[in-house]
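Reading through the structure tokens given below for one structure.
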Amino acid sequence: LFCEDLYPDGDMDKLKAQLVKLKEHTKNIDTSTWSKLLSQVNLTGRVMQHIRMSCKPELFGWHWAQLYELFVAYPVIPDQCLKEEKIRSLHLSECTGATVCAFNHFLKSCHNNLAWDWMAHSATPEKTQGGPDTKSLKAEEDRFVKETKDKWYFGADGTGKILNQDNVESFWKVAKEKGMLDVITADSATGTSARPQQPDDNETMTQLLLCQTVASMGALASGGTYILRAWSLLEYSCIGLLYLLNSTFEEVVVSRPATVESSTTELFIVCLGFKGISESHLQCLLQACGPIGPAKDGNSLAMIPKSVISPTWFSQLRSCVELMNRLQRAAIERHLRLFHDLPQTERTEIYSVRDRVAQHWKLRFELKPLTSIQDRIVKDGTSVAALLPSSSSSGGKIWYSIRGRYARKEEASDSKEGTGNGLRLEAS
């Protein structure tokens, strides 16, 4: 491991150059104008509103929807968990709780017989220790973190910085003490669950992915599942990471959920059936963890020597990269065309398709409301929406429980009659 310089690949360089050249056309476009266009022509744009109104998921947002797609689309629950009817999960770099809530909704809807224990990790503010940075969170997210504070872990030094060898190793120790983990998710995004954003620095992103992966491999049980958010397969450092994952898991899938913005490089790596890794390899990988990757004479080192990688596997990787690149370039070209010319007929057709996509998404992923308010992680739903109705995932409604089922009470209007009658919603 890490014994030779990064090796270039002409085909991947060519794809990257094509993508950079195409993105040059968007640089002179006002950011707010471009963002407005993307929100109007995004074919999955209505999914969020439709699901938020019909199902009222806890901490719902784009990140929630993306993870829920993956949980349903792939067999993420290990067979051993189904037999023992219990499961333990860890959610790395989980700033807002969206992944935890999506996994809870999935378990309550599809595997309600499983006893679930979870742990989440987040970085803390620079000047304080012992809690995640809640200043940038919405009211509902802030409240979620505060009410589940006993579930959060911030590493050996209390900062939660995953780019720290001691913190990476501390996850192994916690897993050995409390029990190895069956499912681990890792988020490399910055920002909030509303719109995850790619880290600015490629080297930071590369090291973040490596540290999260090493922390996970030392804490994951045999047969376990690992889901990692990545941002591009065009970086040379991703070659070694993907090969490592392919070597230690039975199956590795590169996936782009439908709710991911089509013009971005964002994707997820779903790893199923953990086969294990030797202690010597784990310790070698641990030494590579940190803010800066291994280097020699100023040149970054490749994790896996090129001579070890078979031509067949490399060909498969190129095919995957070409597919993702082609889809992204097609999306950007479509957006540029619509930016310069969006006739009313096409605008109307887009709106019609968006409505159909939203309906199909709900049916495809079998999303339905939770049966009881008690199935939520933060069970007192009444104050959640009242805290910040405009941005709460409760859709501006005040929720309370009637005989174990959801009921809805409309917020007071300007009329003297006030709120009116409650509407009871049965689980579909």
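Okay, here's what the table says:
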quantity: Members of the range 157-169 found to be closer than 18 Å to residue 288 by Cβ and open to solvent by 20 Å² or more (accessible area, probe 1.4 Å), listed by number; calculated: 161, 163, 164, 165, 166, 169
quantity: Where a residue in the range 55-70 is within 13 Å of residue 266 (Cβ to Cβ) and its partner, wherever it lies, is modelled with pLDDT of 90 or more and assigned to a helix (DSSP H, G or I), with Cβ under 6 Å and at least six apart; calculated: 63/98; 67/99; 67/102
quantity: Filter pass, residue 278 being within 18 Å of residue 230 (Cβ to Cβ) and either out of contact with any helix residue (DSSP H, G or I) (no Cβ under 7 Å at 6 or more places or on another chain) or of a type in the set (Ser, Thr, Tyr) (or both); calculated: no
quantity: Within the range 316-364, tally of residues that are exposed (fewer than 13 other Cβ atoms within 10 Å of the Cβ) and outside any helix (DSSP H, G or I); calculated: 2
quantity: Subset of the range 34-71 [over 12 Å from the mean Cα position of the chain (by Cα) and of a type in the set (A, V, I, L, M, F, W, C)]; calculated: 34, 37, 38, 41, 43, 47, 48, 51, 53, 55, 59, 60
quantity: Residue ranges of helices (runs of 4 or more DSSP H) in the range 47-126 with at least 2 members open to solvent by less than 50 Å² (accessible area, probe 1.4 Å) and out of contact with any Phe, Trp or Tyr (no Cβ under 6 Å at 6 or more places or on another chain); calculated: 47-55, 62-73, 98-110
quantity: Residue under evaluation residue 378, criteria (1) within 30 Å of residue 146 (Cβ to Cβ); (2) open to solvent by 70 Å² or more (accessible area, probe 1.4 Å); (3) within 24 Å of the chain's Cα centre (by Cα), criterion not met; calculated: (2)
quantity: Subset of the range 322-380 (residues that are free of Cβ contacts under 8 Å to residues at least 24 places away in the same chain and under 16 Å from residue 49 (Cα atoms)); calculated: 351, 352, 356, 360, 363
quantity: Pairs where the first residue, in the range 142-167, is free of Cβ contacts under 8 Å to residues at least 12 places away in the same chain and the second is surrounded by fewer than 18 Cβ atoms within 10 Å (Cβ to Cβ), C-beta under 8 Å, 6+ apart; calculated: 166/156; 166/157
quantity: Residue satisfying all of: in the range 92-147; of a type in the set (S, T, N, Q) and closer than 16 Å to residue 378 by Cα; modelled with the lowest pLDDT among these; calculated: 96
quantity: Among residues of the range 180-212, those that are modelled with pLDDT of 95 or more and β-branched (Val, Ile, Thr), counted; calculated: 3
quantity: Residues that are of a type in the set (A, V, I, L, M), within 13 Å of residue 42 (Cα to Cα) and under 25 Å from the mean Cα position of the chain (by Cα), drawn from the range 331-372; calculated: 331, 332, 357, 358
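The values are calculated or read from the model by the stated rules, or taken from the named source; none is laboratory data. Note that the structure is predicted; figures quoted are calculated from it, not measured. Cβ sites come from the backbone with ideal geometry, for glycine too, and all protein chains shown count toward neighbours. With ligands, DNA and RNA removed, areas are computed over all heavy atoms of the protein, side chains included. Shrake-Rupley method; radii C 1.70, N 1.55, O 1.52, S 1.80 Å.
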